[in-house]
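The values are calculated or read from the model by the stated rules, or taken from the named source; none is laboratory data. This structure is a prediction, so every number in the text was calculated from the model and none was measured. Note that we place each Cβ from the backbone using ideal geometry, even for glycine, and neighbour counts take in every protein chain shown.
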Amino acid sequence: MPQLHFSVDDKTAARLARRAAARGMSLSKYLAGLVGRAAEDTWPDGYLPSVVGSCAAAPLSEPEELVLDDTDVPP
């Protein structure tokens, strides 16, 4: 399995270690999960159903035609 190496400041490393420990995970496994989720190229579960049709209560409509005069357009 490939290994990735990177550096973070002490404060960030401590925060990540605490979060991993709180989940009962090794730091390596916790980081692998974070990186894996960040690298996904799919929509999160349930995302599309939650947004498709989300404007149904307030359907979109075409705005009024705007009238521009000479003062509205820069030379």
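Let's see how each residue does on (1) of a type in the set (Gly, Ala, Ser); (2) loosely packed, with under 10 Cβ neighbours inside 10 Å; (3) modelled with pLDDT under 90:
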position	(1), (2), (3)
Lys11	no, yes, no
Ala21	yes, no, no
Tyr47	no, no, yes
Val67	no, yes, yes
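Outside any helix (DSSP H, G or I) and either modelled with pLDDT of 95 or more or surrounded by 10 or more Cβ atoms within 10 Å (Cβ to Cβ) (or both): does that describe Met1?
It is false that Met1 is outside any helix (DSSP H, G or I) and either modelled with pLDDT of 95 or more or surrounded by 10 or more Cβ atoms within 10 Å (Cβ to Cβ) (or both).
List every residue pair whose Cβ atoms lie under 8 Å apart, where the two residues are 6 or more positions apart in sequence or sit on different chains, the first residue falls within the range 15-30 and is aromatic (Phe, Trp, Tyr), and the second residue, located anywhere, is surrounded by 12 or more Cβ atoms within 10 Å (Cβ to Cβ).
Taking only residues 6 or more apart or on different chains, the pairs are Tyr30/Leu16; Tyr30/Arg19; Tyr30/Ala20.
Could you please find all residues in the range 49-65 being modelled with pLDDT of 75 or more, loosely packed, with under 10 Cβ neighbours inside 10 Å and of a type in the set (A, V, I, L, M)?
The one that is modelled with pLDDT of 75 or more, loosely packed, with under 10 Cβ neighbours inside 10 Å and of a type in the set (A, V, I, L, M): Val52.
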